[in-house]
Amino acid sequence: MPQGKPAGVRCVHLDDQQQCRLFGRPERPQFCRDLLPEPAMCGGDAREALAILTQLERDTRP
Ligand code: SF4
């Protein structure tokens, strides 16, 4: 995603199992490599993570 991934847009590098196709590869963006998952951000499952991240996006919208 040459212009960066906009908020609310699914990353083109996610596969059907919600796994990053670039994981462990040098093409993976530095931001993604630096972001450490934690329960406060990811919750207990994908549904909870999406709810938390959606709220974070709302709360930090310019
Ligand atoms: S880790 Fe980064 S590159 Fe990989 S799927 Fe998530 S946003 Fe996309």
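The values are calculated or read from the model by the stated rules, or taken from the named source; none is laboratory data. This is a predicted model, so every value here is computed, not measured. Here Cβ is always computed from backbone atoms with ideal geometry, including for glycine, and neighbour counts include all displayed protein chains.
Being loosely packed, with under 10 Cβ neighbours inside 10 Å, modelled with pLDDT of 95 or more and not in a helix (DSSP H, G or I) is a property that residue 62 lacks.
For segment 34-49, filtered to residues that are surrounded by 12 or more Cβ atoms within 10 Å (Cβ to Cβ) and in a helix (DSSP H, G or I), the residue that is modelled with the highest pLDDT is 48. Of all residues in segment 1-19, those being within 9 Å of the ligand (Cβ to nearest atom), of a type in the set (A, V, I, L, M, F, W, C) and part of a loop (DSSP other than H, G, I, E, B) number 3. Across segment 2-19, what is the number of residues that are exposed (fewer than 12 other Cβ atoms within 10 Å of the Cβ) and without any contact (Cβ under 8 Å) to a residue 12 or more places away in the chain? Of the residues in that region, 11 qualify.
When residues in segment 20-33 are screened for being in a loop (DSSP other than H, G, I, E, B), loosely packed, with under 10 Cβ neighbours inside 10 Å and within 10 Å of the ligand (Cβ to nearest atom), 2 of them pass. Are any residues in segment 1-20 among the β-branched types (Val, Ile, Thr) and within 16 Å of residue 56 (Cβ to Cβ), and if so, which ones? Passing the criteria: only 9. The residues of segment 30-46 that are within 21 Å of residue 13 (Cβ to Cβ) and not acidic (Asp, Glu), listed by number, are 30, 31, 32, 33, 35, 36, 37, 41, 42, 46.
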